[in-house]
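What follows is a set of notes on a single structure, which appears directly below.
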Amino acid sequence: ASLTGVAIFIETNMSVLTAGLVSQSLFDKFNMSRARLAYIIDSTCAPISVLLMLNAWGAYILGLLGGYGLDNPVATLVGSIPLNIYAWLTVVVVFYTVITTRVHGPLRTSEERINQDALETPAPATRKRYMLLPLAVMVFGIVFFMWLTGDGRILAGSGSSSVFWAISCALVTAYLLLRFQAGWRHKKLVAEGFAGMGKLLPLVTTVLLAMALGASLRALGTGDYVAGMLGEFLPIWAVTPLVFLAAATISFTTGTSWGTFGLLIPIAIPLAEAFGLPPALVLSAVLGGGVFGDHCSPISDTTIISSLASGCDLLEHVRTQLPYALAVGMVTIVSYLVIGLLI
């Protein structure tokens, strides 16, 4: 389940669904609780999506980084990856749980009363290439178009354009496979495509509103105002931990990491520039805090889909995962404090 979550890093919900549905029977066979499965897939897929940014996450964050005078937004985004302490530690804890088979806190209680209530039997599987080939085209397409738009330099390429063209190629690949090998008619393919887009409409609406809010904050100079207001009172070592704490609180209470990015990046980047902090460090705090809420908030779509894909009760999933997230969050805050003191 954990390796599947790592391998399918293109889209979080698709990764969660795939890892959960293919692992249910295995967890039942080895008498492991569905709560453990929900924890593994949820705490793997969201952090991996923000660490391996050859996906829509990377394109979205790159769009938010524009307009701040950064020399190279792509380099800033890439530089935030090794500094994203929360995401790395979360993945480490997941693999510790997987390798040692040890569980703690409420998750141990769930293991003692194993719930093997399964979801409805999924539809029969078709050929693997119908899923794997479009995914491969998308992943390698992003790298290729980053190289193409960057004139031979991947980090200088256009992230948003690369994602757009890679997704377009993947869609064409999926269409051709299903049309000429699976025998689907054009009308059915178009209907399935629009049905899939319809399911993502709430997420798209949230993203558009978040981008509009972020653009408004940028135009109003909110980040510069906050930086000037706090400049006389806030020590430099406290900036990054407070940014992480703010991102974690907002994402947990709203249930959206992307909305948190749209709200805080326009504030955090000017803060970093005003205090002379590396933008990649402050950006990593925003991204890590956003992921915290994305995989533990009871109103997050990722949390809900994780509980559904694993056949686990939603509140049980939140209750068993939250202690792990809080422990990693506290270690992350201390780590950012230490980094701030050393700068």
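Does the range 239-258 contain at least one residue that is surrounded by 24 or more Cβ atoms within 10 Å (Cβ to Cβ), modelled with pLDDT of 85 or more, touching a Pro at 6+ places or on another chain (Cβ under 8 Å) and not charged (D, E, K, R)? No, there is no match, as no residue in the range 239-258 is surrounded by 24 or more Cβ atoms within 10 Å (Cβ to Cβ), modelled with pLDDT of 85 or more, touching a Pro at 6+ places or on another chain (Cβ under 8 Å) and not charged (D, E, K, R). The lone criterion from (1) closer than 27 Å to Ala309 by Cβ; (2) open to solvent by less than 60 Å² (accessible area, probe 1.4 Å); (3) at pLDDT 80 or above left unmet by Ile99 is number (2).
Scanning the range 1-16 for residues that are touching a residue at least 40 places away in the same chain (Cβ under 8 Å) and either assigned to a loop (DSSP other than H, G, I, E, B) or surrounded by fewer than 20 Cβ atoms within 10 Å (Cβ to Cβ) (or both) turns up Ala1, Val6, Ile8, Phe9, Ile10, Glu11, Asn13. Could you list all residues from the range 62-108 that are free of Cβ contacts under 8 Å to residues at least 24 places away in the same chain and either in a helix (DSSP H, G or I) or within 15 Å of Leu322 (Cβ to Cβ) (or both)? Residues satisfying the conditions are Pro73, Val92, Tyr96, Ile99, Thr100, Arg108. Against the test of being open to solvent by less than 30 Å² (accessible area, probe 1.4 Å), touching a residue at least 60 places away in the same chain (Cβ under 8 Å) and at positive phi, the options Gly288, Gly311 yield a single qualifying residue, Gly311.
When you check Val22 against the structure, is it within 23 Å of Leu326 (Cα to Cα), of a type in the set (A, V, I, L, M) and surrounded by fewer than 24 Cβ atoms within 10 Å (Cβ to Cβ), yes or no? No; evaluated as a whole, the condition is false for this residue. Selection of the range 143-157 for residues being of a type outside the set (D, E, K, R) and either without any contact (Cβ under 8 Å) to a residue 24 or more places away in the chain or part of a helix (DSSP H, G or I) (or both) yields Val143, Phe144, Phe145, Met146, Trp147, Leu148, Thr149, Gly150, Gly152, Ile154, Leu155, Ala156. From the list Arg113, Arg153, the lone residue that is open to solvent by 90 Å² or more (accessible area, probe 1.4 Å), more than 26 Å from Cys312 (Cβ to Cβ) and modelled with pLDDT under 80 is Arg153.
Consider the range 33-56 and keep the residues that are assigned to a loop (DSSP other than H, G, I, E, B) and crowded, with 20+ Cβ neighbours inside 10 Å. The one that is modelled with the highest pLDDT is Ser33.
When every residue of the range 315-335 is checked against the conditions, none turns out to be modelled with pLDDT under 85 and not in a helix (DSSP H, G or I).
The values are calculated or read from the model by the stated rules, or taken from the named source; none is laboratory data. Note that the structure is predicted; figures quoted are calculated from it, not measured. Heads up, the Cβs are rebuilt from the backbone with ideal geometry, glycines too, and the neighbour counts pull from every protein chain shown. Accessible surface is based on the protein model in full, side chains and every heavy atom, while ligands, DNA and RNA are left aside. Shrake-Rupley method; radii C 1.70, N 1.55, O 1.52, S 1.80 Å.
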